[in-house]
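Contents: one structure, followed by commentary.
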Ligand code: TIU
């Protein structure tokens, strides 16, 4: 076991790179590109795009040392059998989940809009978790994959800060994982929610986890040796 640490708030986070995973949440066209679910909800999706470059830097650094990398996607079966009627009805959207949009059927697995943006596309061997809800643990095999990889710490990127990132971090925290959220790698359609969402994670002695920025994560990871041979 080789301990290292990130400078973070509310205090430095000790971690072992061999038991740490990078979790990239829902960096899908449906949330980051015009014509997707995010826009159908009435949001300006350009607000999320500043997360792409820092996410790329962290992803490259994690891959370089052979860290476990896991991606998630929010979405549903084409027959919508896994979509709660309450979720389908929410927002009274003109074009909602399962309807045809410019990037295919909105938030449906296998459609262009549902997939991860090309800048952060999963590499071979990186698990992709398809989740029907906001939280990454709900009705998925994420916990099993983390257990099988002996993961104790999650470095968290993705969108949106106060929805799928928060739900996932809260679920992970209750399951005993230590979560480090990277402030510039998570994004919200609402600047105020971004600020408060990050505050809520690190308040009260890190009630849900820790917060740092991508520069710190890249610097620390780049100083580490390879965890294992990367094929
Ligand atoms: N609407 C919104 O902010 N987010 C979502 O619906 N899903 C995720 O956060 N991925």
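Antiparallel DSSP bridges in the chain: what percent, to the nearest 5?
On the way: 7 of 33 bridges.
Of those bridges, close to 20 percent are antiparallel.
Set the Förster distance to 25 Å, then compute FRET efficiency between residue 44 and residue 203 from the Cβ-Cβ distance, nearest 0.05.
On the way: r = 28 Å, r/R0 = 1.11.
About 0.35, to the nearest 0.05.
Please find the FRET efficiency linking residue 88 to residue 140, where r is the Cβ-Cβ separation and R0 is fixed at 22 Å, and quote it to the nearest 0.05. Could you put the intermediate results ahead of the total?
Working: r = 20 Å, r/R0 = 0.90.
My answer for the efficiency is 0.65.
Rank by packing, highest mean first: peptides 178-186, 130-138, with packing defined as the count of other Cβ atoms within 10 Å averaged across residues.
Sorting 178-186, 130-138 by mean packing, highest first, produces 178-186, 130-138.
Distance in nm between label sites at residue 79 and residue 225, each 7 Å beyond Cα in the beta-carbon direction?
5.2 nm
How would you order 159-167, 24-32 from highest to lowest mean count of nearby Cβ atoms within 10 Å?
Descending packing order for the listed peptides: 24-32, 159-167.
Could you give the length gained by full extension between residue 126 and residue 112, i.e. 0.36 nm per residue of separation minus their alpha carbon distance, to one decimal place? Each step should come with its number before you reach the end.
Working: separation 14, 0.36 × 14 = 5.04 nm, distance 1.95 nm.
My answer for the length gained is 3.1 nm.
Test of understanding: extend the Cα→C-beta vector of residue 53 to 7 Å, then name every residue of the stretch 133-165 with backbone N under 11 Å from that spot.
none
Which residue fluctuates most in the GNM of the chain (Cα springs below 10 Å): 205, 101, 38?
Looking only at 205, 101, 38, the largest GNM fluctuation is found for 205.
Restricting to DSSP H runs of at least four residues, report the calculated mean residue ellipticity at 222 nm for the chain, -39500 (n - 2.57) per run over all residues, nearest 500 deg cm²/dmol.
Values: 8 runs with 69 residues, N = 231.
Counting only the DSSP helices, I get -8500 deg cm²/dmol.
Tilt of helix 52-65 relative to the longest C-alpha principal axis of the chain, in degrees (0 to 90, nearest 10)?
The two axes meet at around 50 degrees.
Can you tell me the order of 45-54, 84-93 when each peptide is scored by its average per-residue count of other Cβ atoms within 10 angstrom, highest first? Provide the component values of the computation, followed by the final result.
Values: 45-54: 17.5, 84-93: 11.5.
My ranking of the peptides, most packed first, is 45-54, 84-93.
Using the C-alpha atoms of the chain, what convex hull volume per residue, in cubic angstrom, is computed? Provide the component values of the computation, followed by the final result.
On the way: hull volume 26.9 nm³, N = 231.
Given the Cα convex hull of the chain, per-residue volume reads 117 Å³.
FYI, it's all coordinate maths here, none of it is from the lab. As the structure is a prediction and not an experimental result, all values here were calculated from the model. Methodologically, a virtual Cβ is constructed for each residue, glycine included, from the backbone with ideal geometry; neighbour enumeration extends over all protein chains shown.
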